[in-house]
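Quick notes on the structure that follows.
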Amino acid sequence: MRCTVRKEIQEAVAAYEDKPRDQWLFDYPAQVGLTGSQVWWATDVGIAFERVEEGFETALKEYNRKQITQLNSLIHMLLGELTPGDRQKIMTICTIDVHARDVVASLITQKVTTGQAFAWLSQLRHRWDETTRHCYVNICDAQFQFSYEYLGNTNRLVITPLTDRYSFPPSDHERCPIRPSWHWQNRDD
């Protein structure tokens, strides 16, 4: 199963630019579409930062407009006829896309101009490595190989600034690449 999920993600990431996203999503199962979307979100934000560094000051704003257009397209699809599985897939991707839009809007508001800023590095970023042919998930200076476990087509919690806080179970806090908020609140010194 893991080999199949990995192969599908590889194909989806490679095919992402071949057709409009709202059509591309129907070519793949929900988990693959969601992961591929997250890979391309991180890639597109990285490209926008490169453009900003090259002097195109409005690159992040332009990308944010693209995000809003993509999100509106998905919302429009939800108003139409969809199978229950496709409806769930689109709703899940909408949930993640709203968060992605909010992250980029926050980067714009904070006037972030580099992909090395903590405001960006502290986000969960998926990437596909063509050399190793694996998906990786990065946050700050930590990198984890995607495990390709089948997750199914399930609901997602709405992501808010409160639910977006990064944390580890208490037993793992010493190895944490960043300190969760509870760590600083419970310090003895």
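The values are calculated or read from the model by the stated rules, or taken from the named source; none is laboratory data. None of these values were measured; they are calculated from a predicted model. Positions of Cβ are backbone-derived with ideal geometry, glycine not excepted, and every protein chain shown enters the neighbour counts. These area figures cover heavy atoms from the full protein model, side chains too; ligands, DNA and RNA do not enter into them. Shrake-Rupley method; radii C 1.70, N 1.55, O 1.52, S 1.80 Å.
Residues whose amide H comes within less than 5 Å of that of His134, counting only those at least five positions distant or on another chain, are Asp129 (H built at 1.01 Å from N in the peptide plane). Averaged over its residues, segment 1-100 has an accessible area of 52 Å² per residue, based on protein heavy atoms and a 1.4 Å probe. A simple spin-label model places the labels of Phe118 and Lys7 4.4 nm from each other, with each point 7 Å out along Cα-to-Cβ. Reported to the nearest whole Å, the Cα centre-to-centre distance from segment 59-89 to segment 22-43 is 12.
Placing unit charges on C-beta atoms (Lys and Arg positive, Asp and Glu negative, everything else neutral), compute the dipole magnitude of segment 1-167 about its Cα centre in debye, rounded to 20.
Numbers: 18 positive and 21 negative charges, 73 e Å.
So the magnitude is around 360 debye.
As a fraction of the 1.4 Å probe accessible area of segment 1-167, surface on carbon and sulfur atoms comes out at 55 percent.
Per residue, the convex hull around the alpha carbon atoms of segment 1-167 comes to 125 Å³.
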